[in-house]
1. Please find, among G96, G121, G105, the residue that is closer than 19 Å to R15 by Cβ, in contact with a His (Cβ under 6 Å, 6 or more places away or on another chain) and either surrounded by 11 or more Cβ atoms within 10 Å (Cβ to Cβ) or of a type in the set (D, E) (or both).
2. Within segment 5-41, how many residues turn out to be at positive phi and modelled with pLDDT under 80?
3. Looking at G105, G82, G96, which one is over 18 Å from the mean Cα position of the chain (by Cα) and of a type outside the set (K, R)?
4. Out of everything in segment 124-137 that is among the charged types (D, E, K, R) and surrounded by 12 or more Cβ atoms within 10 Å (Cβ to Cβ), what residue ends up being nearest to L108 (Cα to Cα)?
5. Against the definition (surrounded by 19 or more Cβ atoms within 10 Å (Cβ to Cβ) and under 27 Å from S25 (Cβ atoms)), how does V144 come out, yes or no?
Amino acid sequence: MFWGTETGRVDAKGRLKLSASLHRSLRELCDAAGRAPDSPDRERAPDVFVTSFDGEEVKVFPSEEWAKILKQMASAETATDGEANNRLLMRANSFGKPENLDNQGRLLLPAALRKKTDFTGPVMIQWRNHHLVVWREETFERQVANNAPTSGDLAYGASTLGL
């Protein structure tokens, strides 16, 4: 896990290039979840599930975390909201695909996502609870400008979170 915002780049072939520190952190997280780091990529289980729900941001879930989400969707508590689960899964699977990190810190974005969006060039990356979120640089800047914390957010942060 890391804190803050990292920069990255998506090349013309649709590969997200992660910084060395981010690649190392994500690799360690995936390896700790049972991946075999020394086996060839073709023999390994996928490291991550890459998807988008809106075409504005790409979500990169370690495979173990994505499996937990799928299990939760199938649980008795959430299975009653089958329509919402179906819509979310439809979107996630339409844009998403299991992928492996390569040894150079690159991650291929799924073809369906590349076809639907123009996700190339500089990107901004943040860790959110249990996954990475990737935005185009201009989308990130717009999100930061349009989502300033409210006074209620700041009060909550101070009283509840100790910020």
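1. Values: G96 fails: in contact with a His (Cβ under 6 Å, 6 or more places away or on another chain); G121 fails: in contact with a His (Cβ under 6 Å, 6 or more places away or on another chain).
Testing whether each residue is closer than 19 Å to R15 by Cβ, in contact with a His (Cβ under 6 Å, 6 or more places away or on another chain) and either surrounded by 11 or more Cβ atoms within 10 Å (Cβ to Cβ) or of a type in the set (D, E) (or both) leaves just G105.
2. The total comes to 1.
3. Details: G105 fails: over 18 Å from the mean Cα position of the chain (by Cα); G96 fails: over 18 Å from the mean Cα position of the chain (by Cα).
Matching residue, one of G105, G82, G96: G82.
4. R136
5. Values: surrounded by 19 or more Cβ atoms within 10 Å (Cβ to Cβ): no; under 27 Å from S25 (Cβ atoms): yes.
It is false that V144 is surrounded by 19 or more Cβ atoms within 10 Å (Cβ to Cβ) and under 27 Å from S25 (Cβ atoms).
The values are calculated or read from the model by the stated rules, or taken from the named source; none is laboratory data. Because the structure is predicted, anything quoted here is derived from the model rather than measured. Cβ sites come from the backbone with ideal geometry, for glycine too, and all protein chains shown count toward neighbours.
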